[in-house]
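Comments concern the structure below.
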Amino acid sequence: MGSEQRPRLGFCALSQRGRFETPPGGQRPRVGRAQRQQESGRRPKIHFLDEHVHPGAAHVGPARPLADPGRAVQEPVPVGLAGPQRPDGLRAAAQFGSHQRQLAGLERFAGSADRAQPEAELGLDRQRQTPRRHFAGEHRDDHAPEAEQISVADTWILGLDGGGSKTALAYLNQRGQVFGPFYAPGINPFDRPGWAAEFAAFLLEHPAPGPLVAATLGLPGYGESPAITAQQRGVCRRLIPVPHTLMNDVQAAFSGAFPAGVGALLLSGTGSMAWASDGTRHVRTGGWGDAFGDEGSAYWIGRQALGLASQGMDGRHPDAEFARMLLESTLEGPPTPSQLLQWYHALTHPRSGVAALARTVNDLAVAGQPTALGLLDSAAQELARHIQSVWAQLGNGPLPWSFAGSVLGSPPLLAAVTRLLAPPVPPALPPLGGPLYHAALQAGHDPTWTLNVLTHALAPAQRVPPFPFPHAPRTPAVQEHS
């Protein structure tokens with residue numbers, strides 16, 4: 001080439017074979033030792049940190065078989081975490097094998113427990129000489145593959161807000177540029193057995209535009225089941241080989257709503273939960289799942305609506321008009337018991353499908369339908385109890401409360417909750433902002449600068465739209481036979 005320098009291009013194209021191809025006229029990006037190991041079939045060494053409980057912390061709240069959110073945890077950071085020595089994690093994950101092989105293999109590894117051993121030597125970051133502080137509800141997964149030096153201004157962090165009905169992903173670099181957000185269906189393992197492959201496809205479809213240095217993921221159901229939590233850790237470990245933190249999706253939303261760490265967050269989407277902190281202790285209530293919990297959530301509203309509709313169809317409830325209006329928006333043709341049963345049994349994801357009915361209930365309530373209004377009022381009472389419970393657990397009097405999740409975008413429901421509690425404070429950041437803010441701090445970004453950038457970049461997402469669920473799946477009319 002002589003003295004002529006060909007430009008380095010920062011992007012590659014993912015081919016159908018799962019390989020990143022060099023664009024025409026471009027030059028293949030340079031790779032470090034970690035990627036060379038991956039291309040040769042050898043996995044780079046991955047380091048993990050075990051959790052260490054801070055001696056001064058105490059658990060507050062009822063004993064439950066869930067992750068204890070009340071213990072502060074302090075973990076040292078491996079050398080280089082704050083620096084720019086990280087390859088693009090998502091592209092590196094793609095290099096482990098072809099795209100098709102990786103998606104097929106996810107179904108196998110998703111069921112296995114996380115077998116990683118803790119790092120033998122836990123040293124402080126030589127660049128900072130200070131440990132980072134987070135909480136026991138989080139899971140820090142610190143990888144240290146070797147890579148060549150990259151400009152800090154070109155590195156990116158990942159934030160992901162996972163939910164039962166939808167998932168949001170975005171990237172932030174140190175120039176204040178936000179790449180995304182991107183959206184996908186929900187990734188709740190309790191409702192979607194194939195969530196791991198869908199999650200992998202989503203991440204590989206939207207890789208970081210540059211080297212990835214840190215990530216924080218809010219995952220539904222995280223910390224609520226040892227088996228599910230181990231599965232989530234294993235999936236993320238294979239997909240994101242850079243330092244990353246996993247936490248419950250409600251804790252992630254709390255960190256965005258209250259960056260200072262003091263307040264109470266009420267979240268009601270497909271499920272429901274409240275998370276609160278007085279700055280030293282973290283408590284939670286709700287989040288027990290759709291079988292015997294999640295009161296006031298979209299699923300709960302949809303489940304109650306179906307119960308009232310079935311009672312109206314066979315004469316056990318006086319408001320037969322509610323049943324007709326609810327089911328006509330869901331079923332093709334005049335609603336009949338056979339059509340209703342066929343619709344339910346045909347749902348690919350029953351939890352999300354039933355939750356989608358909450359949108360219709362909200363529309364009927366806004367139009368003044370009495371039964372729908374009564375149903376939202378009952379949901380408001382259940383949700384208010386969540387906040388009252390975390391207030392009582394902390395014992396410091398009512399803390400400022402805020403909200404997240406599409407259900408609280410319903411004007412009649414939010415008004416009812418406000419009457420039972422007090423006016424809420426607007427969340428500082430939407431749910432997606434929480435993981436982005438947390439990951440930015442882990443990467444060494446300035447807190448004030450990060451909050452200012454995310455406040456402006458995510459401003460359109462600040463307003464919670466009323467029930468942005470898709471309409472409930474419709475089913476063809478069933479031919480009735482006498």
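Quick one: in the stretch 276-288, of everything that is closer than 19 Å to Ser165 by Cβ and buried (at least 24 other Cβ atoms within 10 Å of the Cβ), which residue is modelled with the lowest pLDDT? Spell out how you get there, then give the answer.
In the first step, residues of the stretch 276-288 are kept if they are closer than 19 Å to Ser165 by Cβ; the result is 286-288.
Remaining after also requiring buried (at least 24 other Cβ atoms within 10 Å of the Cβ): 286-287.
Numbers: Gly286: 91, Gly287: 84.
Of everything passing the filter in the stretch 276-288, Gly287 is modelled with the lowest pLDDT.
Any residue at all in the stretch 218-231 that is of a type in the set (A, V, I, L, M) and touching a strand residue (DSSP E or B) at 6+ places or on another chain (Cβ under 7 Å)?
Restricting attention to the stretch 218-231, the residues satisfying the condition of being of a type in the set (A, V, I, L, M) are 219, 227-228, 230.
Right, trim to touching a strand residue (DSSP E or B) at 6+ places or on another chain (Cβ under 7 Å) and you get 219.
Checked the stretch 218-231: at least one residue is of a type in the set (A, V, I, L, M) and touching a strand residue (DSSP E or B) at 6+ places or on another chain (Cβ under 7 Å).
Give me a count of the residues in the stretch 377-420 that are more than 25 Å from the chain's Cα centre (by Cα) and within 23 Å of Val361 (Cα to Cα). Total satisfying the criteria: 9. Summed over the stretch 318-332, the residues that are farther than 16 Å from Leu364 by Cα and touching a residue at least 40 places away in the same chain (Cβ under 8 Å) give a count of 2. Cβ-Cβ distances below 8 Å connect no pair with a first residue in the stretch 333-349 that is assigned by TED's automatic domain parsing to the domain that holds Pro189, a second residue that is of a type in the set (A, V, I, L, M) and surrounded by 13 or more Cβ atoms within 10 Å (Cβ to Cβ), and a separation of six or more residues or different chains. Of the residues Ala416, Ala422, Ala461, which single one is surrounded by fewer than 13 Cβ atoms within 10 Å (Cβ to Cβ) and either touching a Gly at 6+ places or on another chain (Cβ under 9 Å) or modelled with pLDDT of 90 or more (or both)? When all the criteria are applied, what remains is Ala422.
Quick check on the stretch 170-182. Is at least one of its residues buried (at least 24 other Cβ atoms within 10 Å of the Cβ) and closer than 19 Å to Val354 by Cα? Among the residues of the stretch 170-182, not one is buried (at least 24 other Cβ atoms within 10 Å of the Cβ) and closer than 19 Å to Val354 by Cα, which makes the answer no. Scanning the stretch 290-309 for any residue that is under 22 Å from the mean Cα position of the chain (by Cα) and at positive phi turns up at least one such residue. Among the residues of the stretch 178-199, just one is within 30 Å of Leu451 (Cβ to Cβ), in contact with a Leu (Cβ under 7 Å, 6 or more places away or on another chain) and of a type in the set (Gly, Ala, Ser), namely Gly180. Scanning the stretch 286-309 for residues that are more than 16 Å from Ala274 (Cα to Cα), among the hydrophobic types (A, V, I, L, M, F, W, C) and part of a helix (DSSP H, G or I) gives Ile301, Ala305, Leu306, Leu308, Ala309.
Here Gly397 clears all of (1) among the small types (Gly, Ala, Ser); (2) touching a Lys or Arg at 6+ places or on another chain (Cβ under 9 Å); (3) modelled with pLDDT under 95 except the condition numbered (2).
If you go through the stretch 324-374 and keep only what is at positive phi and touching a strand residue (DSSP E or B) at 6+ places or on another chain (Cβ under 9 Å), you end up with nothing.
Condition check: part of a strand (DSSP E or B) and aromatic (Phe, Trp, Tyr). Does Trp275 satisfy that?
So Trp275 fits the description; yes.
Picking from residues in the stretch 196-234 that are touching a Lys or Arg at 6+ places or on another chain (Cβ under 7 Å) and closer than 19 Å to Gly433 by Cβ, the one that is surrounded by the most Cβ atoms within 10 Å (Cβ to Cβ) is Val213.
For Gly312, state whether it is in a loop (DSSP other than H, G, I, E, B) and in contact with a helix residue (DSSP H, G or I) (Cβ under 7 Å, 6 or more places away or on another chain).
Details: in a loop (DSSP other than H, G, I, E, B): no; in contact with a helix residue (DSSP H, G or I) (Cβ under 7 Å, 6 or more places away or on another chain): yes.
No: the conditions fail for Gly312.
If you check Leu217, Leu246, Leu266 for being modelled with pLDDT of 90 or more, assigned to a strand (DSSP E or B) and in the same structural domain as Leu357 (by TED's automatic domain parsing), only one passes: Leu266. So which residues in the stretch 183-195 are modelled with pLDDT of 85 or more, buried (at least 18 other Cβ atoms within 10 Å of the Cβ) and not in a strand (DSSP E or B), if there are any at all? Scanning the stretch 183-195 gives Gly186, Ile187, Asn188, Pro189, Trp195.
The values are calculated or read from the model by the stated rules, or taken from the named source; none is laboratory data. Since the structure is predicted, the reported quantities are computational estimates derived from the model, not experimental observations. Don't worry about glycine lacking a Cβ; one is built from the backbone with ideal geometry, like all the others, and counts go over all protein chains shown.
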